[in-house]
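Written out below as structure tokens is the structure these notes cover.
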Amino acid sequence: MTITPREGAQPQHRQCASTGRLSAVMFIGQLGWAAVGAACGTLLAALAAEVKPEDKVDLLALLTTTGAIAAVSCMILAGTLSDRTRSKLGPRNPWIIGGAIVGTLAFACIGLTRNPALLVVAHMVYQGGLNCMLGAFNAIPPDYVPNSVLGKVSAFGGAGYLLAQIIGAVIAGTLVTHPSQGFLMAAWIMLVSSIIVVILLPPHPLRNRSPRPPVTWRQFGAQMRPPSDGQFWWILVGRFLFVISLFMVMQFQLYIATDEMGMTRATAGRLIAMNSAVLAVTAVVLDVITGPWSDKIKRRKPFTMIAPLVAGVGVIPLFLVNEPWTLTIFAAIGGAAFGTYMAVDGALMVEVLPDRDDAARDLGFLNAANSLPIVFAPGIGATLVKTVGYPGLFTAAIILAILGSLCITRVRRVK
């Protein structure tokens, strides 16, 4: 395998492949990693409560913050390198398989230790492996998918992600009282799905190109810089704010249910599993509708502007009433918002790319705005809960959702 420098200004031609095949690739790939990630959120909170009962919030914040650092670093690094990789397997596949192997083994190791320091290390390695895989996987749409069907293929990827929330929630909800078993059981889903993705992908157009001289460290550092394009950054910030507003509440469901609503951990686990199913069902329904719809009307912005506002509305019952049913209402409304966003956001990201030759690198930065909020949310949420309580957490989620919608209004390149 050889790492090569950027290829001047030549456009990267997309490989022809059937829409059905590419839709299956995106569905399976998103399903695999997201099921593991969905299980991780609740299982990690439960494990933190077992390892350090008195300091569970602080330990969870440490785990997720260090994981976030590993996640964003590895996603951008792997995306940049996969743009320049030449191998018999193509530029993306070595990173997809390699990242999945590392992430799978590290995820299983989380369930094998009770040492806080080792937990931090194992979780960082898991996030690093996962995001190396994602850095390459997320470049599949710009490599293969024409603009005319981006919404449809993006919708299938979104459906896989959303179905994964049910699978992850069932695993986590069933094993929330035995989190170690949950880590060991869920670990292998990502690896199996990554192998299937690599088998289904057609040969990459860059696979047979001859290797070129390696870049210098200075050249590589310059290529790692994020784009300066303003449209790119409005989408990145808008996505970050929307996702963190949603996941600040989603990832604190266990503590909201037990600490605020007085439920036992087992009962809370069943509630979270049910709510995750509700979220996924409403999300999938909106996902399969809005993706093809956006292709038909050739518009992306209205969907990504409205979705964060709808999610903010879903938080209001939690702010007003301290009852378990409010978490279910939040799941239903938040799911509708998230499904709408997931169906269209992938297409929006590809269409706003400033340079398709650096697709994986640029999508690495954009997808950091998706993965970083998920791992940062517990740390930010913990700070808010400690300083202003759960009402402050809910208020912050509503404000961030509104700001996320406003960011999309600044995008001019895409309708």
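Values quoted throughout were computed directly from the atomic coordinates according to the rules given, and no laboratory measurement underlies them. None of these values were measured; they are calculated from a predicted model. Methodologically, a virtual Cβ is constructed for each residue, glycine included, from the backbone with ideal geometry; neighbour enumeration extends over all protein chains shown.
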Can you tell me the length gained on complete extension of the stretch residue 196 to residue 73, counting 0.36 nm per residue apart and subtracting the Cα distance?
41.7 nm
Gain in length, residue 399 to residue 298, computed as 0.36 nm per residue apart minus the alpha-carbon separation, to one decimal in nm?
33.4 nm
Can you list the lysines whose alpha carbon is less than 29 Å from that of residue 386, not counting same-chain residues fewer than 8 positions off?
52, 56
For a quick check: with amide H placed at 1.01 Å from N, whose amide H comes under 5 Å from residue 85's, ignoring anything fewer than 5 positions away on the same chain?
4
Decide, for the stretch 283-344, between rounded, prolate and oblate: order the square roots of the alpha carbon gyration tensor eigenvalues as a ≥ b ≥ c, take rounded if a/c falls under 1.5, and otherwise choose prolate if a/b is larger than b/c, else oblate.
prolate
How far apart, in nm, are the 7 Å Cα→Cβ label points at residue 289 and residue 260?
2.8 nm
Using θ = phi - 60° and the Karplus curve 6.51 cos²θ - 1.76 cosθ + 1.60, what whole-Hz ³J(HN,Hα) does each residue of the stretch 280-295 get, with Gly and Pro shown as x?
5, 5, 5, 5, 5, 4, 5, 4, 6, 7, 6, x, x, 4, 5, 5
Hey, can you rank 231-241, 71-81, 255-265 by average C-beta count inside 10 Å, highest first?
71-81, 231-241, 255-265
Under 26 Å between alpha carbons, and skipping anything fewer than 8 positions from residue 152 in its own chain: which lysines qualify?
296, 298, 301, 415
So residue 105 and residue 319, fully extended at 0.36 nm per residue minus their Cα-Cα distance, gain in nm 73.1 nm
Taking 407, 132 and counting other beta carbon atoms within 10 angstrom, the fewest-first order is 407, 132
Zone of residue 386's modelled label, taken as backbone nitrogen in the stretch 41-68 under 20 Å from a point 7 Å along Cα→Cβ
44-68
Does the stretch 17-202 come out rounded, prolate or oblate, given a ≥ b ≥ c as the square roots of the eigenvalues of its C-alpha gyration tensor, rounded meaning a/c under 1.5 and, failing that, prolate meaning a/b above b/c?
prolate
